[in-house]
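Enquirer: Questions regarding the structure given below will be posed in turn.
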Amino acid sequence: MGTKPTNGARRAFLGAALGAVAAVGIGAAPAAAAGAGRRGCRRIPPSGIGMHLYTMRTPLAADFAGTLEQLAEIGYATVGVSGRHGNSPAAIRRMLDRNRLKAVLEHVGYDIVTGSGLPRALEDVHTLGGRWIVVPSLPGSLHSPDGYREVARQFNRAGLAARESGLKLLYHNHGGDHEVVDGHSLYDILLDETDPELVGFELDLYWAAKGGSSDPGELFLRHRDRFPALHVKDMAPNGDFADVGSGILDFPGMFDTARQGGVKQWLVEHDAPADPFASARASYRYLSRLRY
């Protein structure tokens, strides 16, 4: 199961979306329109709509506290921390508490999580008030089936330490993680060779689509309860980043099986927003109104 690229449920979102990306210049319906025909009554709980703070890195660098205040005013309930901009975990926690925001996770480098810095990193996540410590990417030198098997071993070891501290280790994907190398899906190696009790995944929906071999709807069913957090990131028809709900990804189709996947947090992300606050408002508006 772990060595074959997924295909069954891909038509739920990849067929139309990635077909449009491949044929640059051919229009594609926005995600909201794509899901309109099967609009349901389920909604994302308000407490589950968050912002991954990498999106807001420019305003955070200028005014960390003021940026958090504006996110809370928009309606966001949670954040994923990605860069502290000179602030201590305790200082960030105080700013979050003042705005009734909750940090649910922090991104921490692979070298720290697999090295001597792990105990301090776990302590910092506790200070922030988070539940998950997240590895955001892997060194390029590990981009092979054998490399990913080594990563899985390291994740199991670090995941045990995280569990003993009351947290859980997650991994955040990029496009290269979904490649098939020498007949092996790299992402499936991580899914299959890590202990579900010790290691989970923060699934970036854009990169899963861009990578082309891992469909969220199918992953949620094949690997139940392993995806407590999502990066909700949309794709423009030309393959660029887009505000959530303005692009071609079929979010209602993806979220249809989110409960089986164990999703608890829908964290908005846009890697290169022209106006971070406008992007934050548009993405929140879409997710808060979405029914699937």
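The values are calculated or read from the model by the stated rules, or taken from the named source; none is laboratory data. From a predicted model like this one, the values you see are computed outputs, not experimental measurements. Because the Cβ atoms are built from the backbone with ideal geometry, glycine has one as well, and the counts that use them run over all protein chains shown. Areas reflect the complete protein model, heavy atoms only, side chains present, ligands, DNA and RNA absent. Shrake-Rupley method; radii C 1.70, N 1.55, O 1.52, S 1.80 Å.
Enquirer: Return the residues of segment 235-275 that are touching a Pro at 6+ places or on another chain (Cβ under 8 Å) and farther than 24 Å from Val134 by Cα; say none if nothing qualifies.
Expert: Once the filter is applied, which keeps residues that are touching a Pro at 6+ places or on another chain (Cβ under 8 Å) and farther than 24 Å from Val134 by Cα, segment 235-275 yields Gly245, Ser246, Gly247, Ile248.
Enquirer: Please specify each residue of segment 245-270 satisfying the condition of being open to solvent by 30 Å² or more (accessible area, probe 1.4 Å) and of a type in the set (D, E, K, R).
Expert: First, the residues of segment 245-270 that are open to solvent by 30 Å² or more (accessible area, probe 1.4 Å): 246, 256, 259-260, 264.
Within segment 245-270, Asp256, Arg259, Lys264 qualify.
Enquirer: Report the residue count in segment 74-128 for those that are open to solvent by less than 40 Å² (accessible area, probe 1.4 Å) and not in a helix (DSSP H, G or I).
Expert: 21
A quick yes/no check of all residues on (1) within 27 Å of Ser288 (Cβ to Cβ); (2) polar (S, T, N, Q):
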{"residue": "Ala90", "(1), (2)": "no, no"}
{"residue": "Leu105", "(1), (2)": "yes, no"}
{"residue": "Thr114", "(1), (2)": "no, yes"}
{"residue": "Leu128", "(1), (2)": "yes, no"}
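Enquirer: How many residues are more than 14 Å from the chain's Cα centre (by Cα), among the hydrophobic types (A, V, I, L, M, F, W, C) and part of a loop (DSSP other than H, G, I, E, B) if we restrict to segment 231-248?
Expert: Count: 2.
Enquirer: So which residues in segment 138-165 are open to solvent by 50 Å² or more (accessible area, probe 1.4 Å) and closer than 21 Å to Val263 by Cβ?
Expert: Residues of segment 138-165 that are open to solvent by 50 Å² or more (accessible area, probe 1.4 Å), as a first pass: 139-141, 143, 146, 149-150, 153, 157, 160, 163-164.
Residue satisfying the conditions is Arg163 alone.
Enquirer: Here's something else I'd like to know. Just a yes or no: is a residue in segment 61-70 surrounded by fewer than 17 Cβ atoms within 10 Å (Cβ to Cβ) and in contact with a Lys or Arg (Cβ under 9 Å, 6 or more places away or on another chain)? Break it down into steps so the answer makes sense when it comes.
Expert: Here is the first cut: in segment 61-70, the residues surrounded by fewer than 17 Cβ atoms within 10 Å (Cβ to Cβ) are 61-63, 65-66, 69.
Checking which are in contact with a Lys or Arg (Cβ under 9 Å, 6 or more places away or on another chain) leaves us with 65, 69.
Scanning segment 61-70 turns up at least one residue that is surrounded by fewer than 17 Cβ atoms within 10 Å (Cβ to Cβ) and in contact with a Lys or Arg (Cβ under 9 Å, 6 or more places away or on another chain).
Enquirer: So, one more: So in segment 227-244, with the set limited to residues that are touching a residue at least 40 places away in the same chain (Cβ under 8 Å) and buried (at least 22 other Cβ atoms within 10 Å of the Cβ), which one is nearest to Leu198 (Cα to Cα)?
Expert: Residues of segment 227-244 that are touching a residue at least 40 places away in the same chain (Cβ under 8 Å), as a first pass: 228-229, 231-232, 234-235, 237-239, 243-244.
Narrowing further to those that are buried (at least 22 other Cβ atoms within 10 Å of the Cβ): 229, 231-232, 234-235, 243-244.
Working: Ala229: 15, His231: 20, Val232: 24, Asp234: 29, Met235: 31, Asp243: 33, Val244: 31 Å.
Once the filter is applied, the top-ranked residue is Ala229.
Enquirer: Is it the case that segment 255-263 has a residue that's among the aromatic types (Phe, Trp, Tyr) and out of contact with any Gly (no Cβ under 6 Å at 6 or more places or on another chain)? Break it down stepwise before answering.
Expert: Initially, segment 255-263 is screened for residues among the aromatic types (Phe, Trp, Tyr), giving 255.
Narrowing the set further to residues that are out of contact with any Gly (no Cβ under 6 Å at 6 or more places or on another chain) leaves 255.
So far as segment 255-263 goes, yes, one or more of its residues are among the aromatic types (Phe, Trp, Tyr) and out of contact with any Gly (no Cβ under 6 Å at 6 or more places or on another chain).
Enquirer: Spot the failing condition for Gly176; the list is (1) assigned to a helix (DSSP H, G or I); (2) farther than 23 Å from Leu53 by Cα; (3) more than 14 Å from the chain's Cα centre (by Cα), and only one is missed.
Expert: It fails just one condition, (2).
Enquirer: Sticking with this structure for a sec: Would you please list the contacts, defined by Cβ atoms under 6 Å and residues six or more apart or on different chains, that run from a residue in segment 163-190 that is touching a residue at least 40 places away in the same chain (Cβ under 8 Å) to a residue that is outside any helix (DSSP H, G or I) and polar (S, T, N, Q)?
Expert: Matching pairs, first to second residue: Val180/Ser213; His184/Thr3; Ser185/Ser213.
Enquirer: Among the residues of segment 211-226, which ones are closer than 27 Å to Ala242 by Cβ and in contact (Cβ under 8 Å) with a residue 40 or more places away in the chain?
Expert: Correct list: Gly212, Ser213, Ser214, Asp215, Pro216, Gly217, Glu218, Leu219, Phe220, Leu221.
Enquirer: Quick one: how many residues across segment 204-226 are open to solvent by 20 Å² or more (accessible area, probe 1.4 Å) and among the polar types (S, T, N, Q)?
Expert: 0
Enquirer: Determine the pairs where a residue that is over 22 Å from Arg285 (Cα atoms), located within segment 57-72, has a partner that is open to solvent by 40 Å² or more (accessible area, probe 1.4 Å) and not in a helix (DSSP H, G or I) with Cβ atoms under 6 Å apart, the partner being 6 or more residues away or on another chain.
Expert: Going by the 6 Å Cβ cut-off, the qualifying pairs are Ala61/His85; Phe64/His85; Phe64/Asn87.
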